[in-house]
1. Just to confirm, what accessible area per residue do you get for the chain at 1.4 Å probe, in whole Å²?
2. Does anyone have the angle between helix 304-332 and the longest principal axis of the chain? Alpha-carbon axes, 0 to 90°, nearest 10?
3. Quick one: net charge of Gln164's neighbours, Cβ under 13 Å, K/R +1, D/E -1?
4. So, by mean Cβ neighbours within 10 angstrom, what's the order for 23-36, 205-218, 726-739 with the highest one leading?
5. Compute the projected area of the convex hull of the Cα atoms of segment 33-118, averaged over all viewing directions, and report it in nm² to one decimal place.
6. In angstroms, what radius of gyration and Dmax does the chain have, counting Cα atoms only?
7. Using Cα-Cα distances under 8 Å and only pairs 6 or more residues apart, what relative contact order does the chain have, in percent?
8. Indicate the gyration tensor shape class of segment 338-445 (rounded, prolate or oblate), computed on the Cα atoms with a ≥ b ≥ c the square roots of the eigenvalues: a/c under 1.5 is rounded; otherwise a/b larger than b/c is prolate and the rest oblate.
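The values are calculated or read from the model by the stated rules, or taken from the named source; none is laboratory data. A quick note: this is a predicted structure, and the numbers were derived from the prediction, not measured. Cβ atoms come from the backbone with ideal geometry, glycine included; neighbour counts cover every protein chain shown. Surface areas here come from the heavy atoms of the whole protein model, side chains and all, with no ligands, DNA or RNA. Shrake-Rupley method; radii C 1.70, N 1.55, O 1.52, S 1.80 Å.
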Amino acid sequence: MPKTGGRDTLTQLAFRARILTLALMILVVTAGAYSVTRLPVELFPDIDFPLVTVATFYPQSPSDQVLQEVTVPLERAIEGVPNVTTVSSTSSPSLSLLLVQAPFGVDMKAMERDIAQRVGLATLPAGIPPPRVARINPDEFPVLEISVLGNHDLADLQALIQAQVLPELKAVPGVFSADLPLGSGAGLSLTRTNGVPSLAISVLKEPDANTVKMSKAVIARLDSLKASLPPDLQFVEISNQAPGIEKSINELKQEVLLGALLAVLVIFAFLLSVRPTLVTSVSIPVSILAALWVMNLQGMTLNILTLGGLAVAVGRVVDDSIVTMENIYRHVHLGQDRRTAAINGTREVAVPIITSTLTTIAVFAPLGFIGGFIGLVFLPFALTITYALLASLLVALTVVPILGSMLITQGKQGDGRQSPLVRRYGALLGWSLAHKGRTLLVAAALLLLALGAIPLIPLSFLPSSSQPLLSVEMSVPGATSADAVVQQLDQVEVVLSRMRRDGVVNVYQSTIGNSGGFGRGTGRLDTASIYVLLGDGVDAEQVADTLRRDLADPGRSLTVSQADGGGPQSNALQLTLRGEDYPLLAATATQITQALQDMPGLINVRNDAVVSAGPQTDAGQLPITRVDGQTAITISGTITDPSTQAIQRQVQQRVDQVGLPAGVQLVTGGVFANFNEAFSQMGIAMVLGVALVYLVMVVSQRSLVTPFVILFSLPLASIGALGGLLVTQRTLGLPALIGLLMLIGLVVTNAIVLVAFVEQLRARGLGLIDALVQGGRTRLRPILMTALTTVFVLMPLAVGLGGDSEGLIGAELATVVIGGLLTSTLLTLVVVPIIYSILRKAPRRARAAETSFSSASERRGPSPARQSGEMGDE
């Protein structure tokens, strides 16, 4: 072992305890493999939604009486609750429902307790059931919904289910509750499944239960119960999260494995040797399994966000090992023995790979500061990548050098010849350094072209997805009883029944009224909600168009839209008019609705204004909606255009043309509000990310100028990122913005590796230009290897092999990262050396501050970068 002086490095310590190091690696792999079997499987992370509901039954009471005697007292009771942003209420016959909304990140358990205490003190009519206060989170949405059909009176059917079915389901491990909706027993709703009157069972899971296992166990228990139940009883599966979760998770697992295989092939293509390839590739399973182990210890779940993080991390976890192994491999072929080459080669790149890993991790830190929906949803994604990267760094500094010293064949000293690629790059770099102005002008022109292309890229909150679900709302103007709606519903169900016989529709469920919770009922007696589950391989948009055409009728108003399969809405238009003069609100809502009816890219435009149909209309049977104590009317619609921003501009223009009378206020919600919030929060996160990356590089490199040089690689990444979205016409939305945030940490990696080696060469006495050219030639191969492994790993995501299952982590994110890495890598190899040559050849005055900074650092001890630089290529 060579003498280096000072304290031993982590690599030297690992060499002194090689057996222990390898044993710890095996232990981590074993723990990770075990954790895979223990991690709960979900579709999304466990998110505490900032919403509290207050539901109160007031039997046999009209809407206006419910409003005055229940809703208004409850609204007054919760005034003053901290962190409340909006209180919405709907007063329907026999039911008052309040929605209390807060910002993401608020302690919702504390808010729920506070609201429950205040509601308990409210003065309400005697004899009514106490208000039910509940938080909304994913664990409180049904995992499984089953419709029960049979030739029985609904009251008898309900008694049978409660006596023989529900107790059995509640005994299934992992089931938190299995109940009938409250509305079904209170006469507030009418439900039919496939045209037959039915009752619905909603099954909720325990917070720590595995959704897939619990769902399968419930289905198995229902099958076993059939023998003891009347033969005419049918259980029809309406919704089940398990198949979708399994499909999404399995597809992402395949993409992780395919990405890992592609990474190994890229490494082999450069090294053309099996042993170095295997040594480098060991970082993939070790890092991923280590991340899974930590996830299990942290109580996290396997979901599309954490698995998406692993899929992205596969391309990055191998980077540190590539740089380490390539440098060891180079030292071996310079004639050093394997042990010396492993220690010297690792020490030479230790600081650059530590810096690059920390910068990649640092860009995710702002997600913890900005909070909100983005911060909460993407925190598991960021943590998963962070765990994998930290593990990969330790592997690159310990396991890879040990295995390299054991497995790499002792090479002969090279003859100094360079590959054709290296020679061509050296010539290009030499020409660029001699023609700095022209080269920078070309880079600037490409950047301006990319920025100029932004108006041509669709902008949205989330990319649209094609789920096999349709949501149909049918309203009958002037209807004040269920009978008139049932007559129209019969006609609609004739069409759905025919589609079911043809295999287009698998099952459909219709609901009139309100189920008493967050079911599919609207609470309006003039409206029926129909949930349509399509058959396998059916085009949802085509079926929606067919239903809009075939179900059109003057006697009813109909909207058909694709239902969300989970997660935030990506295509919902929502405009809310507020005021005290209801007729004025209704007239304004009608004008705006008519103005938006024929707008391209917008369908299903309607409002929930209640317009009297004549003297037969009973106002007490119609719902009354309020927002923050004011009467409100909501205008809704479905956005079909891929560019949400374009639709937002057009909607605003048409609203401005209509005008808002005095006393009417317009509040934008739905996807428009999500879009504006996402871009604002991600803009802040990116600025903070750049600042943190710069600070990490300043501390690690003890220089103010060198990190500034490296930051010039960031705008070069935007050329490919925006260009990729332009060519593919994929949306610049939340997934793409997360990709841009990731790029801040990823693209500086190559520049750090390049500049750090140039600094080492200059410390050995090489001139500026010679150091740049030699450094570029030497670091060309590891830079290309790290960039191309990440690119190829993300290819399965970019081409959409997972279909619509990827959701928040999918083609848009991968397209941005791939495009950004390609352009930043190619241009970094030319532009960064030019910027370095300009700034590092600055006059004394310009470098005085850095000299003072470096001198202060030297008094604290020698820089790790300089220590490694002194090792040289001996």
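1. Heavy-atom accessible area per residue stands at 41 Å².
2. The angle comes out near 0 degrees.
3. So the surrounding residues net to +1.
4. 726-739, 205-218, 23-36
5. Convex hull of Cα atoms, orientation-averaged projection: 7.8 nm².
6. So, for the chain, Rg and Dmax equal 31.6, 101 Å respectively.
7. That works out to 16 percent.
8. Since a/c reaches 1.5 but b/c is at least a/b, the shape of segment 338-445 is classed as oblate.
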